Amino acid sequence: MKNRKGRLLLIIFLVLAADQVLKIWVKTNFSLGDEIVVFKNWFILHFVENNGMAFGFEFAGEYGKLFLSIFRIIAVIAIGWYLFKLARHKEVPFGFLACIALIFSGAIGNIIDSLFYGMVFNHSYGQVADFLPEGGGYATFLHGRVVDMFFFPIIDTTLPDWLPIWGGKEFVFFRPVFNIADSSITVGIFSILLFYRKQFNNLDKKKEAEKSAEDEAVESKDEVTNQ
């Protein structure tokens, strides 16, 4: 059991380390909008920041940002508790636990940005940010922006004019810019959907069996007491 928990902690540590090292490198070497073409025009490191959810999607306003940060913290606590509770049960496949660990570590990675980046970096508008700047950071606790950099515009074309509504407009796939934490969450979720959907049914059946056993034990105790 200790070995399983150790491997889960290793997965979490590796994802967090890779995510934060890359984010800090981008934040301290790029200004917003800067990019490096890694492979042709299909794989680009393109620096953007977002106030919201994964893959650059936004969440409304300052209070929306605060709500999202608090929600992320609560969700991460719940996922972490669930993960290490399941790790105690040998019948739960390690692959299923590894998927949850990927989701957990990815969520933590983006939370770190939201909680602390606004306090430890200055802004990146037209300049490369400094770590622990003398004048203070660009935002307060819980109001930092998430650093994204992976951009895969595999298809970049103009749609034909004969198409209704979208005719003549630029079409890019895949347009969202994301980071390692987003990738970790996505891989974890899709792996569960592809390979471990039945695991949730097994967990529900186990809970029902345990509840039935508890009910029978209570009934037996009541019968003995009544006699």
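A few comments on the model shown:
- Flag if Ala101 is over 14 Å from the mean Cα position of the chain (by Cα) and in contact (Cβ under 8 Å) with a residue 60 or more places away in the chain: no
- Considering (1) more than 25 Å from Leu194 (Cα to Cα); (2) in a helix (DSSP H, G or I); (3) open to solvent by 50 Å² or more (accessible area, probe 1.4 Å), the lone condition that Leu68 does not fulfil carries the number (3).
- Counting only residues that are over 17 Å from Ile185 (Cα atoms), outside any loop (DSSP other than H, G, I, E, B), without any contact (Cβ under 8 Å) to a residue 24 or more places away in the chain and not β-branched (Val, Ile, Thr), segment 1-53 holds 5 of them.
The values are calculated or read from the model by the stated rules, or taken from the named source; none is laboratory data. Values in this document were obtained by computation on a predicted structure and should not be read as measured data. When we count neighbours, we look across all protein chains shown, and the Cβ atoms used for this are built from the backbone with ideal geometry, even at glycine. Only protein heavy atoms, including side chains, enter the accessible area calculation; ligands, DNA and RNA are left aside. Shrake-Rupley method; radii C 1.70, N 1.55, O 1.52, S 1.80 Å.
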